[in-house]
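Below is one structure, written out as structure tokens; the observations come after it.
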Amino acid sequence: MLVDSPRIAELAERPGDLAAFWAEVERRGTPLLEPADDGSRVVTFVWRGTPGTTDVLLLANRLTDRDNLAASRMRRLPGTDLWHLSYLLPDDYRGTYQIAPDFSGQHDADNAHWQRLMATARTDPFNPDTVDTGRNGLASSVVELPAAPEQPWWRPAGAPAGRVSEHRLTSTILGNSRSIWLYEPREASEGTLVLFDGNVWFPRLSFQHTLDNLIAAGAIPPVSAIGVDTIDVPTRRRELGGNPDFVTFLTAELLPWAGQRLGASPAADRTVVAGQSFGGLTALLAGHLAPDRFGNVLCQSPSLWRAQHLIDAYPAGRDIRLHLSVGRYERDMVDHTRALRDHLAHQGYPVSLTEYTGGHDFVCWRGCLADGLIELTGARDHLSHVDG
């Protein structure tokens, strides 16, 4: 919800304090956080314009509405170089954002306009916390409010490092070639993780550090990981949008190929398939079509609008465990994911659901992915487990 910032209101009454305000911003960083009566926070995003700046847009994950970009136009404090926009957010919010300054044009939602807009976006120069997910070729700034769930696993912490190697795999089934990242733990592997969007998780987000830390802490057993490149956006939509041929590629080509290089092909109960968005949909489809290969499904923010029949597709009686997660700012995805959880539970599946205060966002998924691995692999009687 958009609100007014008390701090900016004070500044409007005393514009002579602007230099001190900018000095404070440079010292403390952004966004500005102010307490609200209900325990929420007034979160104010700012931009320092130039004399020629005429328009600034905030592009915040799932706060900005692509169909109503005008609502995300930052406001200029009259007679100053300060542009600002404030939201009232729960104290456990986490998300990413970019800022698009000096953009001229209509604030409509057609794809060509959106691509031009994204080309002007950049990180917040006053916020040192960034994450690189490859969005429009640039990093995004990160905002984490004080009560946001801890994410203790993703930072390098000196744990014994597994080995990551990049390979090329040509698929006869799909008729293309792609990069594959293989992670091999220092200890003998006891399972396998198949992870979509490997081109983001390994070269950009260094997910191997999460695996190193989880294994070293005993939160999960030693597991190998297979990061699957999505090649490009059109290929991702075609292959991960509920495509049975892609599941055939996983079972008939990828797993045998990776098993030869990793020296093991674990049973289904020790194999996890994981993905986000379209990848979450495909993880769900893989468990449905190939339960003999994937006994654990880690499904994050699944794009069930693309294939709502999967909500009711799982029959009773299969030996599959599922962990779901979704952000409270993901609109219809929340209801779809809850409906999926309810159906799976009714069918007798061990299923858990985590809802976090955030959006469709890798900065949220990186923590929930680790939590899901702990949930699916750390709780088995025959595998080690600690609370994490």
Matching entry among PRO302, PRO256 (being modelled with pLDDT of 95 or more, outside any loop (DSSP other than H, G, I, E, B) and in the same structural domain as PHE207 (by TED's automatic domain parsing)): PRO256
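Test of understanding: among ASN199, ASN127, ASN213, ASN176, which residue is assigned by TED's automatic domain parsing to the domain that holds GLY280, modelled with pLDDT of 95 or more, over 29 Å from ASP269 (Cα atoms) and of a type outside the set (Gly, Ala, Ser)? Break it down into steps so the answer makes sense when it comes.
Details: ASN199 fails: over 29 Å from ASP269 (Cα atoms); ASN127 fails: assigned by TED's automatic domain parsing to the domain that holds GLY280; ASN213 fails: over 29 Å from ASP269 (Cα atoms).
None of the others qualify; the one that does is ASN176.
Yes or no, residue by residue, for (1) modelled with pLDDT under 95; (2) charged (D, E, K, R); (3) on the phi > 0 side of the Ramachandran plot:
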| position | (1), (2), (3) |
| --- | --- |
| LEU289 | no, no, no |
| ASP342 | no, yes, no |
| CYS364 | no, no, no |
| GLY388 | yes, no, no |
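For every residue, the table says whether it meets (1) of a type in the set (D, E, K, R); (2) under 19 Å from THR357 (Cα atoms); (3) assigned by TED's automatic domain parsing to the domain that holds PHE126; (4) in a helix (DSSP H, G or I).
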position	(1), (2), (3), (4)
ARG7	yes, no, yes, yes
GLU10	yes, no, yes, yes
GLY16	no, no, yes, yes
ALA19	no, no, yes, yes
GLU24	yes, no, yes, yes
ARG27	yes, no, yes, yes
THR30	no, no, yes, no
LEU33	no, yes, yes, no
GLY39	no, yes, yes, no
Failed item, numbered, when ARG328 is tested on (1) in contact with a helix residue (DSSP H, G or I) (Cβ under 7 Å, 6 or more places away or on another chain); (2) buried (at least 17 other Cβ atoms within 10 Å of the Cβ); (3) under 22 Å from PRO149 (Cβ atoms): (2)
Candidate set: segment 4-21, residues that are in contact with a strand residue (DSSP E or B) (Cβ under 7 Å, 6 or more places away or on another chain) and buried (at least 16 other Cβ atoms within 10 Å of the Cβ); chosen: the one farthest from PRO146 (Cα to Cα): ILE8
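Can you tell me which residue in segment 46-98 is farthest from the chain's Cα centre (by Cα), limited to those that are assigned to a loop (DSSP other than H, G, I, E, B) and under 15 Å from ASP4 (Cβ atoms)?
Residues of segment 46-98 assigned to a loop (DSSP other than H, G, I, E, B): 49-55, 61-65, 74, 77-81, 90-93.
Within this subset, residues satisfying the condition of being under 15 Å from ASP4 (Cβ atoms) are 74, 77-78.
On the way: MET74: 25, LEU77: 34, PRO78: 37 Å.
Looking at the filtered set, the residue picked out is PRO78.
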Residues located in segment 305-325, provided they are of a type in the set (Val, Ile, Thr) and either assigned to a loop (DSSP other than H, G, I, E, B) or not assigned by TED's automatic domain parsing to the domain that holds SER352 (or both): ILE320
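Does THR235 qualify as being over 19 Å from LEU310 (Cα atoms) and either assigned to a helix (DSSP H, G or I) or of a type in the set (Lys, Arg) (or both)?
Values: over 19 Å from LEU310 (Cα atoms): yes; either assigned to a helix (DSSP H, G or I) or of a type in the set (Lys, Arg) (or both): yes.
Against the criterion (over 19 Å from LEU310 (Cα atoms) and either assigned to a helix (DSSP H, G or I) or of a type in the set (Lys, Arg) (or both)), THR235 qualifies.
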Residue in segment 116-125 that is more than 30 Å from ALA23 (Cβ to Cβ) and assigned to a strand (DSSP E or B) present: no
Condition check for PRO350: touching a residue at least 12 places away in the same chain (Cβ under 8 Å), within 19 Å of ARG236 (Cβ to Cβ) and in contact with a strand residue (DSSP E or B) (Cβ under 9 Å, 6 or more places away or on another chain): no
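Take the residues in segment 197-246 that are aliphatic (A, V, I, L, M), touching a residue at least 60 places away in the same chain (Cβ under 8 Å) and farther than 20 Å from SER301 by Cα, then tell me which one is surrounded by the fewest Cβ atoms within 10 Å (Cβ to Cβ). If you could, list the steps in order and put the result at the bottom.
So in segment 197-246, the residues aliphatic (A, V, I, L, M) come out as 200, 205, 211, 214-217, 219-220, 223, 225-226, 228, 231, 233, 240.
Pick out the ones that are also touching a residue at least 60 places away in the same chain (Cβ under 8 Å) and you get 200, 205, 214, 217, 219-220, 223.
From what is left, the residues that are farther than 20 Å from SER301 by Cα are 214, 217, 219-220, 223.
Working: LEU214: 26, ALA217: 17, ALA219: 21, ILE220: 31, VAL223: 25.
Among those residues, the one meeting the criterion is ALA217.
Residue-by-condition table, conditions (1) among the aliphatic types (A, V, I, L, M); (2) exposed (fewer than 15 other Cβ atoms within 10 Å of the Cβ); (3) without any contact (Cβ under 8 Å) to a residue 40 or more places away in the chain:
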{"site": "LEU138", "(1), (2), (3)": "yes, no, no"}
{"site": "VAL142", "(1), (2), (3)": "yes, no, no"}
{"site": "ALA148", "(1), (2), (3)": "yes, no, no"}
{"site": "GLY158", "(1), (2), (3)": "no, yes, yes"}
{"site": "HIS167", "(1), (2), (3)": "no, yes, no"}
{"site": "LEU182", "(1), (2), (3)": "yes, no, no"}
{"site": "GLY191", "(1), (2), (3)": "no, no, no"}
{"site": "LEU195", "(1), (2), (3)": "yes, no, no"}
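The values are calculated or read from the model by the stated rules, or taken from the named source; none is laboratory data. What you see is a predicted model; the values in this text were computed from it and never measured. As a convention, Cβ positions derive from the backbone with ideal geometry for all residues, glycine included, and neighbour counts pool all protein chains shown.
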